[in-house]
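Chemist: Questions regarding the structure given below will be posed in turn.
The values are calculated or read from the model by the stated rules, or taken from the named source; none is laboratory data. Computed from a predicted structure; not experimentally measured. Here the Cβ positions follow ideal geometry from the backbone for every residue, glycine too, while neighbour counts run over all protein chains shown. Accessible surface is based on the protein model in full, side chains and every heavy atom, while ligands, DNA and RNA are left aside. Shrake-Rupley method; radii C 1.70, N 1.55, O 1.52, S 1.80 Å.
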Amino acid sequence: QVQLVESGGGLVQAGGSLRLSCAGSGRTFSSYAMGWFRQAPGKERVFVSVISWSGSTVYADSVKGRFTISRDNAKNTVYLQMNSLKPEDTAVYFCAAGGLRVVAGTSEGEYDYWGQGTQVTVSS
């Protein structure tokens, strides 16, 4: 069992930055692929980024070049550095942990554990 807790959300002006953190429990954290998804009001939850256990990364086109995912396995934590934020980045951001089911890491169904989410609001 893995428990995930996100933090770091908040209100920021367009063009600003935020860093989200996702702290995980469990000794096997380093073996999981870790993903970030987001859900805007009235919309479905969508993929943002994923980092594999080995450190390889994938980004959604909408955030490529602006967001950076990283992980610190010693701290059981994954980060999402968000720069050049836009109003359309406003959403609840969720982190997720996936084990053997993860292939590309871009679909919700590949993940086993989810955090409760953290709100990011970008004002224009």
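Chemist: Could you work out how much longer the chain between residue 1 and residue 75 gets when fully extended? Use 0.36 nm per residue separation minus the Cα distance between them, nm to one decimal.
Modeler: 24.9 nm
Chemist: Mean 1/r over all different Cα pairs, inverted: what Kirkwood radius does the stretch 54-120 give, in Å?
Modeler: That comes to 13.3 Å for the stretch 54-120.
Chemist: Now, a different point. Select from the stretch 1-40 those trypsin sites (Lys or Arg not before Pro) which occupy a DSSP coil region and have at most 11 other Cβ atoms within 10 Å, ordered by residue number.
Modeler: Listed in order of number, the matching sites are 27.
Chemist: Taking residue 43 as the anchor, which lysines have their alpha carbon closer than 25 Å to its alpha carbon, excluding any fewer than eight residues away along the same chain?
Modeler: Of all the lysines, those that pass the test against residue 43 - Cα under 25 Å, at least 8 places apart if same chain - are 64, 86.
Chemist: Count charges around residue 106 for me, please; just the other residues with Cβ under 15 Å from its Cβ, Lys/Arg as +1, Asp/Glu as -1.
Modeler: Computed value for this residue: 0.
Chemist: Would you kindly calculate the translational diffusion coefficient of the stretch 21-67, applying Stokes-Einstein with the Kirkwood radius from alpha carbon pairs, for 4 °C and a viscosity of 1.567 mPa s, and quote it in µm² s⁻¹ without decimals?
Modeler: The estimated diffusion coefficient comes to 107 µm²/s.
Chemist: On each of the three principal axes of the Cα atoms of the stretch 1-82, give max minus min coordinate, whole Å, ordered largest first.
Modeler: Principal extents (Cα only, largest first): 37, 24, 23 Å.
Chemist: With every protein chain present, what is the per residue accessible area of the chain (1.4 Å probe, Å²)?
Modeler: 51 Å²
Chemist: Rank by packing, highest mean first: peptides 90-100, 4-14, with packing defined as the count of other Cβ atoms within 10 Å averaged across residues.
Modeler: Highest-to-lowest ranking by the protection proxy: 90-100, 4-14.
Chemist: While we're here: Say the dipole of the chain comes from +1 at the beta carbon of Lys and Arg and -1 at that of Asp and Glu; which of 30, 63, 48 then lies farthest toward its positive end?
Modeler: Comparing the listed Cα positions along the dipole, 30 ranks first.
Chemist: Carbon and sulfur: what percent of the chain's accessible surface (1.4 Å probe)?
Modeler: Of the solvent-accessible surface of the chain, carbon and sulfur hold 50 percent.
Chemist: Nearest-5 percent of antiparallel DSSP beta bridges in the chain?
Modeler: Here the share of antiparallel DSSP bridges comes out near 90 percent.
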